[in-house]
Amino acid sequence: MRFQLRHCLLLFIGLPAFAQTPKTELHFTSSKQQKITVYKGTIFVNGNRAFQFAADNINYATRRNRLVEDNGNVFLFLEIKGSPKKDRLYVFGINNSKADSLLDAISSDVKDMDHDGNLEFGGSELPTTYPSNDSIYYNPSKFYEINKGRLIFDAEYTQKIDKKANGVYLSDPLDKNGNCCKVIPKPKGHL
């Protein structure tokens, strides 16, 4: 009994040594043999510091961190924690030893969402509740696609998703004071 107790005690004391430490770095290699490392909020390209975040809010463990190449251009996608709102995807263009910040969008998988042969990403923020049962705040989405080596706004897919979520598409969702967003009638079937 004493022997078993000692082993249990040693096992209990040793468990923290076996615990996984949080991931704090990422490594990618492009087809052009560019070595991209993300470590503690800094992007390094070929060993050179290319971009420094003000704070290290990178979600290192997500599968959404990835390198996408299209038409000779290299794009680095990093998921940034957006608490209390949704997480964001920051997109960088990698060229030589530089990392240029291109845009940020709502975090999503980078995939061909509308089956047009191009990779899309984006989405909408968490909806704000409206204090009436028959109306809602319009919740706009914004989707982008990688097309011929460029990142472009995907207006067609954005409109499709907005109509599905809001029952209508508004090209200008801001209210008269410039705040997001206009109040619209609650669409049929909307909970």
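Phi-derived couplings, Karplus 6.51 cos²θ - 1.76 cosθ + 1.60 at θ = phi - 60°, listed residue by residue for the range 111-121: 7, 7, 6, 9, 6, 9, x, 10, 7, 10, 7 Hz, with x used for Gly and Pro. In units of the rule-of-thumb radius 2.2 N^0.38 Å, the range 93-146 shows an alpha carbon radius of gyration of 1.60. In whole percents, the pair-distance distribution calculated for the chain from its alpha-carbon pairs, binned every 5 Å from zero, is 1, 7, 13, 14, 14, 12, 10, 8, 6, 5, 4, 3, 2, 1, 0, 0.
The residue list Ile58, Leu102, Ile146 was ranked by how far each Cα lies along the charge dipole of the chain toward its positive end, using unit charges on Cβ atoms, and Ile58 comes out on top.
On a 0 to 90 degree scale, rounded to 10, what angle separates helix 155-166 from the longest Cα axis of the chain? With both axes taken from Cα atoms, the answer is about 90 degrees. A simple rule links phi to the HN-Hα coupling: the Karplus curve 6.51 cos²θ - 1.76 cosθ + 1.60 with θ = phi - 60°, which for the range 47-52 gives x, 9, 5, 10, 7, 10 Hz, with x for Gly and Pro.
Give me the base-10 log of I(q)/I(0) for the range 128-191 at each q in 0.16, 0.22 Å⁻¹, Debye formula, one uniform scatterer per Cα, rounded to two decimals. Log-scaled intensity ratios, in q order: -0.57, -0.90.
To test your reading of the geometry: what angle, between 0 and 90 degrees and rounded to tens, separates the Cα axis of helix 2-18 from the longest principal axis of the chain? With both axes taken from Cα atoms, the answer is about 50 degrees. Taking all protein chains in place and a 1.4 Å probe, what share, in percent, of the accessible surface of the chain do carbon and sulfur account for? That share works out to 52 percent.
Highest mobility in the GNM of the chain, judged by mean-square fluctuation with C-alpha springs under 10 Å and restricted to Lys163, Lys32, Lys176, is found for Lys176.
In order along the range 90-107, phi translates into HN-Hα couplings of 9, 10, 10, x, 9, 9, 6, 10, 10, 10, 8, 6, 9, 5, 9, 9, 4, 5 Hz, rounded to whole numbers, per the Karplus curve 6.51 cos²θ - 1.76 cosθ + 1.60 with θ = phi - 60° and x for Gly and Pro.
The values are calculated or read from the model by the stated rules, or taken from the named source; none is laboratory data. Fair warning: this is a prediction, and the values are worked out from it, not measured in the lab. Using ideal geometry, Cβ is built from the backbone for each residue, glycine included, and neighbour counts are taken over all protein chains shown. When the accessible area is computed, the model is the full protein with side chains, heavy atoms only, and any ligands, DNA or RNA have been set aside. Shrake-Rupley method; radii C 1.70, N 1.55, O 1.52, S 1.80 Å.
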